[in-house]
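I have placed the structure first, in the form of structure tokens, so that the comments after it can refer back to it.
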Amino acid sequence: MSKKILIVESDFDFAELTAEVLKDNRYEITVILDGTKAIEYLSLTTPDLIVMEIILPSNNGFAVAAYLNTRLNKDVPILFTSTSANIAKILKDKNAKNRYFLEKPFEYDNFVSVIKYFFENNTFENYKKGA
């Protein structure tokens, strides 16, 4: 059974390319282009992993994550993406469980490596680039 990954990304072209890379690695992919629709989707189903841009139209990635944890009581792992390196510091400061950050642009080989590591270890903890 393939793992289900939700991609929440406002850039359609980036989302499509990311989805294709993950489909090529045999993951089942759903793409959503804004935060509100992501919340609606997540209220109906639970993916194995969310790959989510932080800056989104109608609810940013942090708002979606907070809603997911507090209102829906779901602890779904999230791989955040953004062009802002400052976001990584925020995530480290929050000591967020089951959260990881990749700064855009990133190499897709590294991206897939992070996801494979997560599914093999059930955590992002101790992941090292190139592991």
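Taking a straight Cα-Cα cut-off under 17 Å and skipping sequence neighbours fewer than 8 places away in the same chain, the aspartates and glutamates within cross-link reach of Lys74 are Glu40, Asp48. Spin-label model, Arg71 to Tyr41: label points 7 Å out along the Cα-to-beta-carbon direction sit 1.7 nm apart.
No lab work stands behind these numbers, since they all come straight from the coordinates. Keep in mind it's a predicted model, so treat the numbers as computed, not measured. Please note: Cβ atoms are built from the backbone with ideal geometry, for glycine as well, and neighbour counts cover all protein chains shown.
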